[in-house]
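Asker: Got a structure here, written out as structure tokens. Questions coming.
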Amino acid sequence: MTSKLPLQAAYQVGISAKLPVELAAKALTQPWLAMKIFRPESYLSKTPDHYKKFYWEWKRAPCTPVHYIPETGNWRRLPTGEVQQVEDLPIPLKQPKELHEGIWGGEAVIKGFRKRKETIRRTPRFWVPSLQSTVFYSEILDKYINVVVTKRTLKLVDEHYGFDNYILKTPPADLMSELALKIRREMYLALARGTLYPDNPSKREEVLEKYREYMIPEEEAEWFGLNLKEAITKLKILEEDVKPVPLKHAFRKEFLEYLKNNKEEILEEDKEKSSSTSWLASVNPFAKKE
């Protein structure tokens with residue numbers, strides 16, 4: 001990411017949303033804090049910062065232009081000699097559920113209009129990329145993955161010299177699909193835990209050394225690739241694990257330990273009390289006669 005992107009995000013999101021001064025200042029370097037779902041009043045604000053950064057890079061960061069050619073500069077001259085301002089706006093993409101079940105290489109569905117003749121009203125049209133089923137081999141996971149892809153995906157995998165390099169090097173915004181991010185999460189966890197190739201130590205060391213630059217802490221790997229629903233579920237599980245225990249349970253446990261360790265002394269004290277109470281009962285004229 002370039003240093004220009006956080007500034008643009010803070011200007012477009014932070015200022016337009018009228019954020020507090022402190023939050024807008026942090027958004028200059030951490031634009032994910034300006035997202036509504038990560039505001040202090042939101043439940044998802046409790047998620048780690050590395051998850052917020054990932055989600056922003058996945059949903060808000062600019063992706064590589066695929067369906068259009070971006071124009072350079074701020075102005076352009078038309079053939080008529082007129083000077084016109086360049087509006088470099090990305091084409092909005094539709095992401096159906098089928099996209100997240102495959103790896104489309106940054107392509108998506110485009111909704112537009114088609115007009116065949118000047119005298120005929122334009123009609124809506126959807127442009128869908130050409131899809132095909134293929135099998136990739138993951139060296140890190142040591143398994144074959146059957147997935148639906150586009151021709152651009154195959155080209156990108158060849159350019160990265162392998163499926164693993166493509167998944168690990170491509171930004172989340174360009175991977176786009178949840179399936180690709182889930183595969184990347186599995187790779188991160190395998191590298192962080194060192195669980196790959198359990199029956200072949202030499203191959204495991206070779207793969208770990210080959211992909212060492214992509215290794216991240218296990219804590220970050222567990223959060224990577226989760227959607228909002230999965231993040232909320234994980235956050236609730238973590239909160240239940242660290243749920244505070246009432247003091248009465250701690251006191252009860254301490255008292256049981258005390259009774260267990262001082263059993264003989266307590267029995268002797270009970271005997272002394274019982275003997276003293278029997279003597280007082282014989283002297284007490286108001287005691288109940290048997």
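Asker: Of the conditions (1) at pLDDT 85 or above; (2) under 27 Å from T170 (Cβ atoms); (3) basic (K, R), K46 fails just one. Which one is it?
Answerer: Here K46 clears every test but (2).
Asker: Within 30 Å of E206 (Cα to Cα) and outside any strand (DSSP E or B), is that true of I91? Show your work before the answer.
Answerer: Details: within 30 Å of E206 (Cα to Cα): no; outside any strand (DSSP E or B): yes.
It is false that I91 is within 30 Å of E206 (Cα to Cα) and outside any strand (DSSP E or B).
Asker: Please work out which residue is surrounded by the most Cβ atoms within 10 Å (Cβ to Cβ), limiting yourself to region 105-160 and to residues that are over 18 Å from Y68 (Cα atoms) and among the hydroxyl-bearing types (S, T, Y).
Answerer: The extreme case among them is S138.
Asker: Please verify whether P129 is out of contact with any Gly (no Cβ under 6 Å at 6 or more places or on another chain) and modelled with pLDDT under 95, treating the condition exactly as stated.
Answerer: For P129, the condition - out of contact with any Gly (no Cβ under 6 Å at 6 or more places or on another chain) and modelled with pLDDT under 95 - is met.
Asker: Here is a follow-up. Return only the number of the condition from (1) closer than 26 Å to L44 by Cα; (2) modelled with pLDDT under 80 that A221 does not satisfy.
Answerer: With respect to (1) closer than 26 Å to L44 by Cα; (2) modelled with pLDDT under 80, A221 is out only on (2).
Asker: Output the number of the condition that E178 fails; it satisfies all remaining conditions of (1) surrounded by fewer than 18 Cβ atoms within 10 Å (Cβ to Cβ); (2) within 20 Å of the chain's Cα centre (by Cα); (3) of a type outside the set (A, V, I, L, M, F, W, C).
Answerer: Looking at each condition in turn, E178 falls short on (1).
Asker: Still on this structure, please answer the following. Which count do you get for residues in region 70-87 that are among the charged types (D, E, K, R) and in a loop (DSSP other than H, G, I, E, B)?
Answerer: From region 70-87, those among the charged types (D, E, K, R) are 71, 76-77, 82, 87; that's our starting set.
Then keep just the ones that are in a loop (DSSP other than H, G, I, E, B); that gives 71, 82, 87.
Result for region 70-87: 3.
Asker: Here is a further query. Report yes if E98 is out of contact with any Cys (no Cβ under 9 Å at 6 or more places or on another chain) and in a loop (DSSP other than H, G, I, E, B), otherwise no. Break it down stepwise before answering.
Answerer: Working: out of contact with any Cys (no Cβ under 9 Å at 6 or more places or on another chain): yes; in a loop (DSSP other than H, G, I, E, B): no.
The answer is no for E98.
Asker: Something else: Scan (1) more than 25 Å from L228 (Cβ to Cβ); (2) out of contact with any helix residue (DSSP H, G or I) (no Cβ under 6 Å at 6 or more places or on another chain) for the single condition M176 breaks and write down its number.
Answerer: It fails just one condition, (1).
Asker: While we're on this one: Could you tell me which residue of region 34-79 is surrounded by the most Cβ atoms within 10 Å (Cβ to Cβ), considering only residues that are under 30 Å from K236 (Cβ atoms) and of a type in the set (G, A, S)? Talk me through it step by step, then tell me what you get.
Answerer: Within region 34-79, the first condition is being under 30 Å from K236 (Cβ atoms), and the residues that meet it are 34-61.
Next, only the ones that are of a type in the set (G, A, S) stay: 34, 42, 45, 61.
Numbers: A34: 26, S42: 12, S45: 13, A61: 19.
The residue in question is A34.
Asker: Within region 80-88, can one find any residue that is within 29 Å of the chain's Cα centre (by Cα) and surrounded by 12 or more Cβ atoms within 10 Å (Cβ to Cβ)?
Answerer: Narrowing region 80-88 to residues within 29 Å of the chain's Cα centre (by Cα): none.
Checked region 80-88: no residue is within 29 Å of the chain's Cα centre (by Cα) and surrounded by 12 or more Cβ atoms within 10 Å (Cβ to Cβ).
The values are calculated or read from the model by the stated rules, or taken from the named source; none is laboratory data. Everything quoted here is computed from the prediction, not taken from an experiment. Positions of Cβ are backbone-derived with ideal geometry, glycine not excepted, and every protein chain shown enters the neighbour counts.
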